[in-house]
Amino acid sequence: MEQAAGLSRLRHGYPESELLQALPIHTKMSADRDISKQGLAASPMPRAVCRALDAMRGNLGHRWTIGELARVAGTSARTLQRQFVLFLGKPPRAVLQDIGFEQARRELLQGLRCEKVMDVASRCGFQHFGRFSVEYRRRYSETPSRTLKRKAVFAAALSSMSAPAVLTGERVTMAFAGIQSGADHVEVAADVAASLSAALTRAGIAVMREDRRARYGLTGTVRAGGSQLRFLFRLTDNESGRQIWAHRADSMICDDVASDESLATRIAAALQPCLRRAEIAHALRKPGSELSPHDLALRAMPGALSLDEEGNARALELLEQAMERDSREPLAIALAAWVRLQRVVYHFTNELRRERARGIELTQKALALSGDATTLVVLGNALTLLDEQDAAARVIARALSMDGGSAWAWSRSGWIDVYRGDPESAIERFKIALDLAPDDALAFNSQVGIGCAHFFAGAYAEAAQWQERALSAHPSAFWVHRTLCPTYVHANAKLQARRSLGMLRVRYPELTLEQVRLGMPPLRPAHGDLIAGALAEAGLPA
């Protein structure tokens, strides 16, 4: 993992080792390299560059000169400068700054107890705190203190979790025999492994020590590097023998049990999107005669998560089949309720009242059933769209008490705050979701949520940036223009407002203000009027 090309350029602005990503390993390096973006052949970096990067990472607090780096690298200063620009796209000083910000971001995201921002900045090589804070905010769209505060909210949620529940029904099986370590770190490896087993169990995974009966195998190692521990994890599909996920997580060396639990929860959250994709792929490979109702629900999930009309229709067909086979399959019923209500809110149908009535019926049925954290979050999604915010909040609280690392639960709690008119809390919760799983299929919806929260707070420039970012990640979500256009109207950006309204009407040519109001999510009346008034000003017919 010597490639530094991903520094400060990755999606959502998260440092590479804290991406909590779940990409198959064969795609990761090609996705993160600058050299591939520049059209150059993907080849290993020169040893001189690797040596210089190792030196930078090993002593961030040192004020490296190009001469010192050249001596460490065993080459001339001119050659080292040229190789850095050729392979990384930046001179050594800029790369060193990127590495410093990566490390600072990582430590602040980890949020150790009693940590101070100034100490983190100094440890990462930044002597001027004011400049560090300004540049940190430019890179990550928030202040360092806000990042640290958000981790305190996350830690409080973890401390209130209940004991892992014993779940019934179909569950993912995973073999995990612990974390390998050297003699100096046996205890911390055992502690993190125990916390990780508990976190995986909370996420609805049946963890066992034997490979023979498990569909997946998880292995982990830990090694020390200065004041840090580096954990490396790999997930293998035992049926095919193929490695489907790899993850690196760095942690400060400390004796804080809460820190171990937070680290384990973040690792489990990082794994979940990839594991979900693998389970969906497994269901897709099964012959139709062997499909269980749960398999059909898994097959429907990509369509439900797409939040677009075509995916919604595919999901609905599969979920109807699942419910025909088992009228009490919790995930299928919860997904069906949410999918029905998507059709109302995202203008996928003209039969709004009929779809809403069916959504209410399915939601009530799902409330009477038990389920894991994922099922509860999907049910919370449906309740939110029905404007049952108190009931939704209770369901999401239950989901977080079961699995505090559920990015979906944190994101849905953010939407509840948006609908209740608390944009500051909403942004905090959406960003926790992105901290946990920035590459999840629903990450774009958290970005939309941050944009909406900024919109209702009157921060229109930030609102537009986040919604545009979401559309870039998920171009088929045309419904985002329903709030993006008003954002540009209130920002007095008339050209962008016309463009956004045009995109909305390309997808929904018959859309009117009346239909927008009928299908609008459960916003406060003043917020609904803000959107409708701006759409009318932009030219949407009544």
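The values are calculated or read from the model by the stated rules, or taken from the named source; none is laboratory data. Not measured: the values here are computed from a predicted model. FYI the Cβ positions are ideal-geometry reconstructions off the backbone, even for glycines, and counts take in every protein chain you see.
Run down Ala315, Ala322, Ala300 and say which single residue is in the same structural domain as Ala366 (by TED's automatic domain parsing), assigned to a helix (DSSP H, G or I), touching an Asp or Glu at 6+ places or on another chain (Cβ under 7 Å) and modelled with pLDDT of 95 or more.
The conditions single out Ala322.
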Matching residues, segment 187-235, being buried (at least 20 other Cβ atoms within 10 Å of the Cβ), in contact with a strand residue (DSSP E or B) (Cβ under 7 Å, 6 or more places away or on another chain) and polar (S, T, N, Q): Ser197, Thr201
Yes/no for Ala177 being surrounded by 14 or more Cβ atoms within 10 Å (Cβ to Cβ), over 23 Å from Glu428 (Cα atoms) and small (Gly, Ala, Ser): yes
Top-ranked residue in segment 244-263 [being farther than 27 Å from Phe444 by Cβ and either among the β-branched types (Val, Ile, Thr) or modelled with pLDDT of 90 or more (or both); ranked as surrounded by the fewest Cβ atoms within 10 Å (Cβ to Cβ)]: Val257
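Hey, can you tell me all the residues within segment 88-120 that are of a type in the set (A, V, I, L, M), more than 22 Å from Leu69 (Cβ to Cβ) and out of contact with any strand residue (DSSP E or B) (no Cβ under 8 Å at 6 or more places or on another chain)?
If the condition is that a residue be of a type in the set (A, V, I, L, M), more than 22 Å from Leu69 (Cβ to Cβ) and out of contact with any strand residue (DSSP E or B) (no Cβ under 8 Å at 6 or more places or on another chain), then Leu108, Leu109, Val117, Met118, Val120 are the ones that fit.
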Near pairs, Cβ below 6 angstrom, 6+ apart or cross-chain, from segment 194-205 (within 13 Å of Leu400 (Cα to Cα) and at pLDDT 90 or above) to any residue that is outside any loop (DSSP other than H, G, I, E, B) and among the polar types (S, T, N, Q): Ala199/Thr265
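Here is a yes/no grid of residues against (1) more than 18 Å from the chain's Cα centre (by Cα); (2) within 19 Å of Leu109 (Cα to Cα); (3) at pLDDT below 95; (4) charged (D, E, K, R):
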residue: Ser406; (1), (2), (3), (4): no, yes, yes, no
residue: Trp410; (1), (2), (3), (4): no, yes, no, no
residue: Ser413; (1), (2), (3), (4): no, no, no, no
residue: Arg420; (1), (2), (3), (4): yes, no, yes, yes
residue: Ser425; (1), (2), (3), (4): no, yes, yes, no
Qualifying residue in segment 509-523 (condition: free of Cβ contacts under 8 Å to residues at least 40 places away in the same chain and within 18 Å of Ser306 (Cβ to Cβ)): no
Close pairs from segment 242-262: first of a type in the set (Phe, Trp, Tyr), partner at pLDDT below 80, Cβ under 7 Å, at least 6 apart: Trp245/Ala22; Trp245/Pro24; Trp245/Ile25
Contacts under 7 angstrom Cβ, first residue in segment 347-370 being free of Cβ contacts under 8 Å to residues at least 40 places away in the same chain and hydroxyl-bearing (Ser, Thr, Tyr), partner surrounded by 13 or more Cβ atoms within 10 Å (Cβ to Cβ) and not in a helix (DSSP H, G or I), 6 or more apart: Thr363/Leu386
Filtered residues of segment 315-326 (kept if more than 18 Å from Val344 (Cβ to Cβ) and in contact with a Pro (Cβ under 9 Å, 6 or more places away or on another chain)): Gln321, Ala322, Met323, Glu324, Arg325, Asp326
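For segment 500-522, enumerate the residues that are of a type in the set (Val, Ile, Thr) and surrounded by fewer than 17 Cβ atoms within 10 Å (Cβ to Cβ).
Scanning segment 500-522 gives Val506, Thr512.
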Test: residue in segment 435-458 that is crowded, with 24+ Cβ neighbours inside 10 Å, outside the structural domain of Thr143 (by TED's automatic domain parsing), in contact with a helix residue (DSSP H, G or I) (Cβ under 6 Å, 6 or more places away or on another chain) and more than 23 Å from Val153 (Cα to Cα): yes
Selection status of Ala382, part of a helix (DSSP H, G or I), at pLDDT 95 or above and touching a Gly at 6+ places or on another chain (Cβ under 7 Å): yes
Leading residue by the ranking (surrounded by the most Cβ atoms within 10 Å (Cβ to Cβ)) among those in segment 338-375 that are closer than 28 Å to Thr265 by Cβ and touching an Asp or Glu at 6+ places or on another chain (Cβ under 9 Å): Ala373
Asp387, sole failed condition from (1) closer than 29 Å to Ile531 by Cβ; (2) over 14 Å from the mean Cα position of the chain (by Cα); (3) without any contact (Cβ under 8 Å) to a residue 40 or more places away in the chain: (3)
Criterion (assigned to a helix (DSSP H, G or I), crowded, with 19+ Cβ neighbours inside 10 Å and either out of contact with any Gly (no Cβ under 6 Å at 6 or more places or on another chain) or touching a residue at least 24 places away in the same chain (Cβ under 8 Å) (or both)) met by exactly one of Ala497, Ala461, Ala536, Ala526: Ala497
Unmet criterion (only one of (1) in contact with a Ser or Thr (Cβ under 9 Å, 6 or more places away or on another chain); (2) more than 15 Å from Phe101 (Cα to Cα); (3) at pLDDT 80 or above) for Arg137: (2)
Residue identified as assigned to a helix (DSSP H, G or I) and of a type outside the set (D, E, K, R) among Leu218, Leu196: Leu196
Those residues of segment 228-249 which are of a type in the set (Ser, Thr, Tyr) and outside any strand (DSSP E or B), in sequence order: Ser240
